[in-house]
Amino acid sequence: MEKYPEKLLSPIKEFLDSQLRYLKIRKKTIQKEDPYFRVNRSGIKDADEAFKHDKAVAVKEELEAKIKQTKKALKRIKSGDYGFCESCETLINTDRLAIYPEATLCIKCSQNLKN
C-alpha cells in the first residue's frame with residue numbers, strides 16, 4: 001500500500017489541526033451558552049430554557065463527533081494510513097477527501113455503516 005507524499009499531507013494536517021482547535025473552542029462556547037450551565041445547574045425554569053438546553057446538547061454532541069473524527073484523521077496522517085479506507089483498505093476517492101478531509105472510510109463502507 002503506497003502512502004501519500006508528505007508534501008501533499010502537510011496542508012491537510014494543518015487544516016485538520018486548525019479545524020480541531022476551532023471545534024474545541026466552539027464546543028466550549030456552546031457549553032457556556034447552555035442555560036443549564038449558566039444557572040449553576042439549579043434547574044431549567046421554562047420551556048425556552050429547556051429548548052435552548054436541548055439545542056446546546058445536540059450541537060455539543062455533533063461537535064464531539066466531529067472532534068473525534070478529526071482526531072482519527074490526524075492519527076491516520078501520523079501513522080501513514082491517511083487516504084485509505086480503515087475498513088476495506090482501498091484508496092478513498094480524492095474528491096471525497098477534498099470535500100471531507102477527515103474521512104476515514106470510502107463512500108461504499110460509509111454507506112454500509114448507515115444501512
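The values are calculated or read from the model by the stated rules, or taken from the named source; none is laboratory data. Predicted model, so just to flag it, every value in this text is computed and none were measured. All Cβ positions, glycine included, derive from the backbone under ideal geometry; neighbour counts span all protein chains shown. Ligands, DNA and RNA are stripped out before the accessible areas are found, and what is left, the full protein with its side chains, is counted by its heavy atoms. Shrake-Rupley method; radii C 1.70, N 1.55, O 1.52, S 1.80 Å.
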Quiz item: Taking only pairs six or more apart or across chains, which ones have beta-carbon atoms under 9 Å, a first residue in the range 104-115 that is free of Cβ contacts under 8 Å to residues at least 24 places away in the same chain, and a second residue that is exposed (fewer than 12 other Cβ atoms within 10 Å of the Cβ) and aliphatic (A, V, I, L, M)?
Solution: LEU105/LEU113
Exercise. Output the residue which, of all residues in the range 45-80 that are in contact (Cβ under 8 Å) with a residue 12 or more places away in the chain and acidic (Asp, Glu), is most open to solvent (accessible area, probe 1.4 Å).
Key: GLU64
